[in-house]
Each structure stands twice: as structure tokens, then as C-alpha cells.
Amino acid sequence: GAGELAFIFEIPLLAEDPRKYSLSASSVPLTGSGTVTNLGNYPTSPVITLTDGGNYTITNTTQGAGASLILVGVPAGTVVDMRARTVMSGTTDWYAAVDATSVWWELLPGGNVITKTGGAASISWRDAWL
């Protein structure tokens with residue numbers, strides 16, 4: 001027995017992100033237009049690194065013409081985390097560079113056609129399953 005001073009309790013747990021991710025991230029350069037493939041069965045949020053500074057429009061045309069992230073006047077080396085919805089250059093927050101009409105998008109399962117205007121950039125992601 002547990003004795004008369006024993007009690008039973010429960011601690012509820014909530015998985016903030018229930019997805020399972022691939023162990024290694026995939027990464028490709030973003031050119032004018034190309035296909036990025038999420039091999040999982042559930043949407044996943046990419047991280048985009050902007051090599052050059054300036055203005056960018058990055059669109060997941062698989063989700064429709066309105067799924068565009070528009071950045072104005074970002075410095076070289078800016079990192080955009082689509083899940084956290086952050087735009088950072090080093091330790092400096094550049095969220096103010098996000099145009100008000102922007103849409104934060106994810107990579108859908110399968111092929112996603114991504115178009116980009118602006119300077120050099122790359123995209124990285126982890127395939128996701130639920």
C-alpha cells in the first residue's frame with residue numbers, strides 16, 4: 001500500500017506542436033520560381049534566409065496568388081521564420097519590414113511552387129507528419 005498520506009494526481013500535458021519532423025532539414029536556393037517538396041503528410045513552416053538586402057516578395061503559389069510574404073528594405077542576412085513569424089537580422093528585429101498585406105504561409109504536403117522576386121535567398125524546412 002501507499003499509506004494513508006498517499007494521493008493520486010494528474011498533470012495534463014498539451015503538445016504545442018503535435019507534428020513529427022524529419023531529423024534533418026532540407027535546404028535549397030530560391031530562384032525566380034521552383035518547386036519545394038514537403039515529403040510529409042502535414043504542412044510545415046519553412047525558414048527563409050535572405051542573402052541580399054532590399055525588397056522581396058516570396059509566394060507559395062500552390063496556396064494561391066494571395067499567399068505572399070512581402071518584405072521592404074530588409075538588410076542582407078535577414079532570417080524569416082514562417083512558424084514563429086519573425087524577421088531577424090542578427091539580434092535586430094525587422095518585423096516592421098513586413099508589408100501589411102503579407103500572408104504567412106506553410107509548405108503543404110507534396111510539391112509547392114515557390115516564386116521569389118528580390119535578391120538571392122534560400123529556404124529550409126523539415127518534412128512534417130501528423
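The values are calculated or read from the model by the stated rules, or taken from the named source; none is laboratory data. Treat the numbers as computed from the prediction; the structure is a model and nothing was measured. All Cβ positions, glycine included, derive from the backbone under ideal geometry; neighbour counts span all protein chains shown. To get the accessible areas, we keep the full protein, side chains included, count just its heavy atoms, and leave off ligands, DNA and RNA. Shrake-Rupley method; radii C 1.70, N 1.55, O 1.52, S 1.80 Å.
Can you name every residue in segment 71-130 that is in contact with a Lys or Arg (Cβ under 7 Å, 6 or more places away or on another chain) and surrounded by fewer than 19 Cβ atoms within 10 Å (Cβ to Cβ)? Within segment 71-130, 104, 129, 130 meet the criteria.
When residues in segment 84-130 are screened for being touching a residue at least 24 places away in the same chain (Cβ under 8 Å), of a type in the set (Asp, Glu) and either within 20 Å of residue 72 (Cβ to Cβ) or outside any loop (DSSP other than H, G, I, E, B) (or both), 1 of them pass.
Here is a check on your reading of the model: is residue 96 small (Gly, Ala, Ser), modelled with pLDDT of 95 or more and within 20 Å of residue 22 (Cβ to Cβ)? So residue 96 does not fit the description; no.
Filtering segment 58-73 to residues that are farther than 17 Å from residue 95 by Cβ and assigned to a strand (DSSP E or B) leaves 59, 60. Pairing each residue of segment 17-29 that is within 16 Å of residue 41 (Cβ to Cβ) with any residue that is open to solvent by 80 Å² or more (accessible area, probe 1.4 Å) and modelled with pLDDT under 95, provided the two are 6+ apart or on different chains, yields C-beta distances under 6 Å for 19/130. Being surrounded by fewer than 19 Cβ atoms within 10 Å (Cβ to Cβ) and at pLDDT 95 or above is a property that residue 57 has.
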